[in-house]
1. List every residue pair whose Cβ atoms sit under 6 Å apart, with the two residues 6 or more apart in sequence or on different chains, where the first one lies in the stretch 65-86 and is outside the structural domain of V50 (by TED's automatic domain parsing) and within 19 Å of W47 (Cβ to Cβ) and the second, anywhere, is at pLDDT 95 or above and away from the ligand (no atom under 16 Å from the Cβ).
2. Only one residue in G120, G144, G99 is within 12 Å of the ligand (Cβ to nearest atom), surrounded by fewer than 20 Cβ atoms within 10 Å (Cβ to Cβ) and in contact (Cβ under 8 Å) with a residue 60 or more places away in the chain, so which one is that?
3. Out of all the residues in the stretch 167-187, which are within 16 Å of the ligand (Cβ to nearest atom) and either over 21 Å from the mean Cα position of the chain (by Cα) or among the charged types (D, E, K, R) (or both)?
4. Filter the stretch 36-89 for residues that are over 22 Å from the mean Cα position of the chain (by Cα), under 28 Å from P279 (Cα atoms) and of a type in the set (D, E, K, R) and give the result.
5. Looking at (1) in a helix (DSSP H, G or I); (2) touching a residue at least 60 places away in the same chain (Cβ under 8 Å), which is the one condition that is false for L205?
6. Determine which single condition V8 fails, assuming it passes every other condition in (1) surrounded by fewer than 16 Cβ atoms within 10 Å (Cβ to Cβ); (2) modelled with pLDDT under 95; (3) more than 16 Å from the ligand (Cβ to nearest atom).
Amino acid sequence: MNQAQINVSGLRITGCTRLVGVLGLPVEHSLSPIMHNAAFAALGLDWVYVPLPVYPDHLGEAVRGLRAMGFAGANVTVPHKQAVLRYLDDVSEDALVIGAVNTIVVRNDDLYGDNTDASGFIAALVEAGFDPRGIYAAVLGAGGAARAVVHALANAGARQVCVYNRHVQRAHELCRDMARFHLDVRFEALPLDAVREIDEDFSLLVNATSLGMWPETEASPWPVDLPIPAHLTVCDLVYRPLETMFLTQARAAGAEIVSGLGMLIYQGAGAFEMWTGHPAPVHVMRQACQEFLVMESRAEAGVTEQQVAG
Ligand code: NAP
C-alpha cells in the first residue's frame with residue numbers, strides 16, 4: 001500500500017465546499033488528506049482537503065492560484081517549504097526564524113504563511129510527559145524539519161542544542177541562524193558520526209533526518225553497533241512506519257520513545273484551527289492516521305484481515 005487512502009463516511013462536496021490542500025512533490029504519500037478530511041467529517045464541516053502535486057517551476061502560479069480559486073489555505077511540504085516564502089504577502093515570526101512555511105492561510109485576499117511544525121513538535125513532547133526547560137538536546141539532521149525542532153526547543157527553554165548532520169556545513173548554517181534569534185541558548189554543529197560521543201548531560205535525542213522513512217525502513221541515523229543511552233528520551237520525526245528502526249533501537253536499549261505521529265497530528269491541528277476557526281478534533285485526526293498506519297504495517301507484513309480477526 002503506497003498511496004495513503006482511507007474512506008471517510010460523511011464526506012460530501014457541495015456548491016459551497018471550502019477547499020484546502022497540500023502543495024508538494026510527491027504528495028501521494030501524505031497522510032494530511034486522510035487526517036483533515038476525517039476532521040471535517042467529524043465536525044460536519046463542508047470542507048475538503050486535496051493533494052496538490054506542484055513542480056518547482058510552477059510554485060508561484062500554484063500559490064497565487066490558491067487565492068484566485070478561493071482556497072481557504074494550504075499546507076506546504078517537501079520540496080517547497082523554503083521556496084514558498086517569496087510568494088507570500090506576510091509570514092509569522094516562527095516561519096521567519098525557521099526560514100520555512102508549512103501552512104498558508106488566505107486572509108482578506110492576502111497570502112499569510114506560518115510554521116506549525118515547531119508548535120506541533122513541542123505539543124507532542126509535552127503530551128509524552130517531557131519537559132524541555134533547561135535541557136541539553138541532540139538533534140540529528142539540519143533540513144527544514146530540524147530547523148523547526150531546534151527553534152522550538154530554544155523557544156521552550158532548552159539550554160544547549162547540538163545539531164549533527166551528514167553535511168556538517170548545513171548544521172553550522174542552522175546554528176548560526178538560530179544563534180541570531182536565541183541569545184541565551186548554546187548551539188553546536190557537529191558531523192553525524194559524532195553522535196557516538198553524546199554524554200549523560202543530554203536528555204533528549206531527536207531524529208530529524210529522513211533516515212528510516214518508508215520505503216527505506218531498514219535505515220537509522222544511529223550506529224548499529226552502539227546501544228542508545230537508556231537515560232535519553234528518543235524522538236523520531238519520521239512517522240511512516242510508526243515504529244522506525246531508530247525507535248526500535250531506543251526501545252531495545254530501554255529509552256523512552258516518542259513517535260513522529262504526535263507531531264504530525266499537532267502540526268495538522270494548528271493548521272486546521274487557523275483555516276476553520278474551530279478547535280481541531282485531535283482524537284479523530286490521530287485515529288484516522290493510526291488506522292491507516294496500522295493497516296499499512298499489516299499489509300507490509302503480509303497479514304490479512306482474516307488472520308487478524310482469527
Ligand atoms: P529535508 O529538508 O530534505 O532534510 C533531510 C535531512 O535528512 C537532512 O539533514 C539530510 O542530511 C538528512 N539525510 C537524508 N538522507 C540522509 C542519509 N542517507 N544519511 C544521513 N543523513 C541524511 O527534509 P525535512 O523536511 O527536514 O524532513 C525530515 C524528516 O522529517 C522527513 O522524514 C519528514 O517526513 C519528517 N517530518 C515529520 C514531521 C511530522 O509531523 N512528524 C514534520 C516534518 C517533517 P544532509 O543535509 O546531509 O543532506
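1. none
2. G99
3. Hits for the stretch 167-187 are H167, V168, Q169, R170, H172, E173, R176, D177, F187.
4. Hits for the stretch 36-89 are D46, R64, R67, D89.
5. That leaves (1) as the condition not met.
6. Against the list (1) surrounded by fewer than 16 Cβ atoms within 10 Å (Cβ to Cβ); (2) modelled with pLDDT under 95; (3) more than 16 Å from the ligand (Cβ to nearest atom), V8 comes up short only on (1).
Each row is one residue, and each column tells you yes or no for (1) crowded, with 21+ Cβ neighbours inside 10 Å; (2) out of contact with any strand residue (DSSP E or B) (no Cβ under 8 Å at 6 or more places or on another chain); (3) at pLDDT below 95.
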{"residue": "D199", "(1), (2), (3)": "no, yes, yes"}
{"residue": "P223", "(1), (2), (3)": "no, yes, no"}
{"residue": "A230", "(1), (2), (3)": "no, yes, no"}
{"residue": "C235", "(1), (2), (3)": "yes, no, no"}
{"residue": "L247", "(1), (2), (3)": "yes, no, no"}
{"residue": "A253", "(1), (2), (3)": "no, yes, no"}
{"residue": "E256", "(1), (2), (3)": "no, no, no"}
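The values are calculated or read from the model by the stated rules, or taken from the named source; none is laboratory data. Note that the structure is predicted; figures quoted are calculated from it, not measured. Positions of Cβ are generated from backbone atoms using ideal geometry, with glycine treated the same way; all protein chains shown enter the neighbour counts.
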